[in-house]
Amino acid sequence: MTQPPNFTQKQQGVVRGVILSLFTIATAYSTARYFSPLPATSSLEGRIRILALSLLFPALTLLVCIGRLGNHRFYTPQDIDSTVSPTKGSTQAAMLQAILQNTLEQLMLACIIYLNAALFLSLEAVSLVPAAGGLFTIGRIMFIRGYAGGAASRSYGFSLTYQSTLWLGLVTVLQTFFV
């Protein structure tokens with residue numbers, strides 16, 4: 001039998017964050033699936049409304065990230081021109097830029113997955129879309145709050161954002177093509 005890998009403390013912290021996020025996602029999706037407060041709607045208009053509302057708060061997380069970086073650059077003389085200056089900006093500006101970039105990437109993926117889920121999931125499962133939007137938003141908040149603390153501190157938020165979109169995508173593919 002092979003030995004399990006010897007993870008560093010940071011890696012162990014990341015694994016804890018991922019496991020906790022998977023538990024959170026399973027709980028939220030189970031609750032949304034079986035105790036949906038949404039009215040059953042098969043109309044295109046109803047599904048588009050669910051999609052729009054589900055993307056509202058995730059989009060606001062991007063708005064916050066853009067605003068944080070813009071405000072930082074405006075109020076920090078060394079960073080006001082950092083995107084066009086040959087000199088590197090501050091560590092804070094680089095961190096805010098990394099958070100913004102990751103949020104943009106995650107939101108782009110979420111938009112594609114949520115659109116397909118809203119259009120193709122069954123009436124019983126479409127309530128997973130707003131649950132995913134809520135998980136995305138909570139995940140981004142936790143990611144932003146934990147970012148400066150390193151990988152273990154941000155792993156729960158990153159995983160909550162990414163895994164909730166991943167699992168919604170998998171459910172959508174399975175239900176669309178195999179059920």
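The values are calculated or read from the model by the stated rules, or taken from the named source; none is laboratory data. The model shown is predicted, which means the values in this text are computed figures rather than measured ones. As a convention, Cβ positions derive from the backbone with ideal geometry for all residues, glycine included, and neighbour counts pool all protein chains shown. Note: areas computed on protein heavy atoms with side chains; ligands, DNA, RNA excluded. Shrake-Rupley method; radii C 1.70, N 1.55, O 1.52, S 1.80 Å.
Have a look at S30, S82, S153 and tell me which one the Gaussian network model of the chain (Cα, springs below 10 Å) gives the largest fluctuation.
Evaluated over the chain, the most mobile residue of the options is S82.
Would you please give the FRET efficiency between A59 and L170, computed as 1/(1 + (r/R0)^6) with r the Cβ-Cβ distance and R0 = 22 Å, to the nearest 0.05?
Numbers: r = 23 Å, r/R0 = 1.05.
The value I calculate is 0.40.
Using a probe of 1.4 angstrom, how much of the accessible area of the chain is carbon and sulfur, in percent?
68
Just from its helices, what would the mean residue ellipticity at 222 nm be for the chain, if runs of 4 or more DSSP H residues each count -39500 (n - 2.57) and the sum is divided by every residue, rounded to the nearest 500 deg cm²/dmol? Show your work: numbers first, answer last.
On the way: 5 runs with 135 residues, N = 179.
Rounded to the nearest 500, the figure is -27000 deg cm²/dmol.
With an 8 Å Cα cut-off and a minimum separation of 6 or more residues, compute the relative contact order for the range 70-179 in percent.
Relative CO of the range 70-179 lands at 24 percent.
Which shape class applies to the range 73-142: rounded if a/c is under 1.5, otherwise prolate when a/b exceeds b/c and oblate if not, where a ≥ b ≥ c are the square roots of the Cα gyration tensor eigenvalues?
On the way: a/c = 5.26, a/b = 3.20, b/c = 1.64.
Prolate, since a/c reaches 1.5 and a/b exceeds b/c.
What size of dipole, in debye to the nearest 20, comes out for the chain about its Cα centre when the only charges are +1 on Lys and Arg C-beta atoms and -1 on Asp and Glu C-beta atoms?
320
Calculate the all-directions average of the projected area of the range 137-179's alpha-carbon convex hull, and give it in nm².
On the way: hull surface 12.1 nm².
Directional mean of the projected Cα hull area for the range 137-179 stands at 3.0 nm².
Just going by the charge dipole of the chain, with Lys and Arg at +1 and Asp and Glu at -1 on Cβ, which of A117, V64, G146 is farthest out on the positive end?
G146
Along each principal axis of its Cα atoms, how long is the chain end to end? Whole angstroms, biggest number first, please.
That gives 55, 53, 26 Å along the principal axes, largest extent first.
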